[in-house]
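What follows is a single structure, written as structure tokens, with notes after it.
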Amino acid sequence: MGLDGRKIRILKAIIQTYLETGEPVGSRTISKYSDLQLSSATIRNEMSDLEEMGYIMQPHTSAGRIPSDKGYRFYVDQLIQEKEHEVAQTRDMVIQRVDRVELLLKQLARLLAVNTNYATLISGPQYRRTKLKFIQLSRVEAGKLLIVTVLEGNIIKNSIARLDAELTDEDILNLNILLNNSLIGLTIEQINLDVISRMKEQAGPRREVVDLVLNEVAEAIRANEEDLQIYTEGATNIFKYPELSDGERASQLLGTLEQKEILKELLSNDADPEKKNGIQVYIGNETPVQSMKDCSVVTANYELGGGLRGTIGIIGPKRMDYDKVVSTLRSLMSQLEDTFNQEER
């Protein structure tokens, strides 16, 4: 048995009503929807089919129905398809232009928490699959070499390396040419054994310096990719929802929102450059974090230009207002990207 148009309309009506009230929904309530124009008896039959198909369930005898995870999943997938063809509504959110991205993201996390009444988190921007932009070797004093590594997005990493033997000015010039010709535009994954072998062969007696520089470059890239900042707001909003506010469940959720490593894993899974501007929705047991199995988590990727990317997440009950959350995220991403694009121009 498949979902025909009438069943879809009734399922949406049940979910939307439950999202608004938090109470099991009966056939008489659904029959009041003017656009359905169906009798209570017809709706009861359709609800019975929907329950048999696993889209809704009855919490206890004589009660109405509530959505199952399968029902929420169908609703969210339908909603996202619709939203892909809509222009996100402009919301009255003023994003103050600030010099520090960190401050802006904290403001946005707070604004999202206030506007949605859910817990929110935003990962600081990172350069995924970071590419090398420039390398500069300079002598600072006898036996010491300054290595300046410029990464995608004009992130600069400096390090000092000790040398076993002195380098002449000509040695440094030739090494700078070799390093930049061989490495510029590559990610750390692309600097493979073939690339390294060719560089060492061309470096001749200075091959040990190539090893030294490559180690420093790899460390600079790793440090940049692993240094993830996460900003959270609205954690106490979970107490507004009875299904999440009992002592043990609330305690676990609050504890999770303070554990950076768990949140990092949650957000890092979605910060894939191939999913730019994509909305990801986790419902119930789909959520990768065990303590959030009674929640829904909605994430979205943002991009600030030049490869600078991060993820926004909203955590709430499974009966969250998905329509509002998806619209808010799309609007926010658009405004965030427009703000930084204008600043770059």
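The values are calculated or read from the model by the stated rules, or taken from the named source; none is laboratory data. Here the structure is a predicted model, which is why all the values come from computation and not from measurement. Using ideal geometry, Cβ is built from the backbone for each residue, glycine included, and neighbour counts are taken over all protein chains shown.
Here are a few things to note about the model shown:
- Selection count where residues are over 14 Å from residue 158 (Cα atoms) and modelled with pLDDT of 75 or more, scope region 119-132: 7
- Sole exception among (1) modelled with pLDDT of 85 or more; (2) surrounded by 20 or more Cβ atoms within 10 Å (Cβ to Cβ) for residue 207, by number: (2)
- Matching helices (runs of 4 or more DSSP H) fully within region 1-56 where at least 1 residues are in contact (Cβ under 8 Å) with a residue 60 or more places away in the chain: 5-21
- Taking region 172-258 as the region of interest, the helices (runs of 4 or more DSSP H) fully inside it that hold 1 or more residues being closer than 30 Å to residue 19 by Cα, of a type outside the set (S, T, N, Q) and in contact (Cβ under 8 Å) with a residue 12 or more places away in the chain are 247-256.
- When residue 156 is tested against (1) at pLDDT 80 or above; (2) of a type in the set (A, V, I, L, M); (3) loosely packed, with under 14 Cβ neighbours inside 10 Å, just one condition goes unmet, and that condition is (1).
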